Amino acid sequence: MSESADATAGRDVPPSFADQLRQRSAAFRVCAGNEDRAAELFAGLAERGLPGMTEMRNRSERAARMLEQVASVTAAQAMAYDEMLAAGGPDDSRAYVEYEASTRRLLALMPTDTLTD
C-alpha cells in the first residue's frame, strides 16, 4: 500500500535521481552567476589599468558559459530520466534503451573547455 504525500511529509525522503540532477543543475547555474559577477569585477579592474585583469575577465566569462552549458545538460538529463521512468522505468528495455541514447547525446553536448590555457 502506498502512502500519500501528506503521510510522508514529516519524514526525510531522499531525493530521486532526477531531483538530484535538478539540484546540481541549479548549483551549476548559481556558480555561473558567480562567474558572471567575477567577470564584471575583473572588467572594472581592467578599466583601471590593473595588469592581467582582462585575461581574468575572459576566463571568468568562459567559465560562466561552461557552467551554463553543464547546467543545461544536467537539467536535460533529469528530464530524460523522468521520461524513462514514465515510459516504464529501467526494467522496460525500450524505455531504458531510449534513456541510454539520450544520455549519449547529452554527454556529447558537455563542454570540452578545460579552462587551463
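If we only count helices (runs of 4 or more DSSP H) wholly inside the chain, which ones have 1 or more residues that are touching a Pro at 6+ places or on another chain (Cβ under 9 Å)?
Working: elements: 5-8, 17-47, 53-86, 93-108.
Those helices (runs of 4 or more DSSP H) span 17-47, 53-86, 93-108.
If I ask for residues that are open to solvent by 60 Å² or more (accessible area, probe 1.4 Å), at pLDDT below 95 and not aliphatic (A, V, I, L, M), which ones from region 99-112 would you list?
The answer is Thr112, and nothing else.
So, Glu3, is that one open to solvent by 50 Å² or more (accessible area, probe 1.4 Å), among the acidic types (Asp, Glu) and modelled with pLDDT of 95 or more or not?
Answer is no for this residue.
Being surrounded by fewer than 15 Cβ atoms within 10 Å (Cβ to Cβ), among the small types (Gly, Ala, Ser) and on the phi > 0 side of the Ramachandran plot: is that true of Gly44 here?
Criteria not met by Gly44.
When Tyr81 is evaluated against the numbered criteria (1) free of Cβ contacts under 8 Å to residues at least 60 places away in the same chain; (2) surrounded by 13 or more Cβ atoms within 10 Å (Cβ to Cβ); (3) within 26 Å of Ser16 (Cβ to Cβ), which criterion, by number, is the only one it fails?
(1)
The values are calculated or read from the model by the stated rules, or taken from the named source; none is laboratory data. In this text the structure is predicted, and so the values were computed from the model without any measurement. Cβ atoms come from the backbone with ideal geometry, glycine included; neighbour counts cover every protein chain shown. The area values use the complete protein model at the heavy-atom level, side chains included, leaving out ligands, DNA and RNA. Shrake-Rupley method; radii C 1.70, N 1.55, O 1.52, S 1.80 Å.
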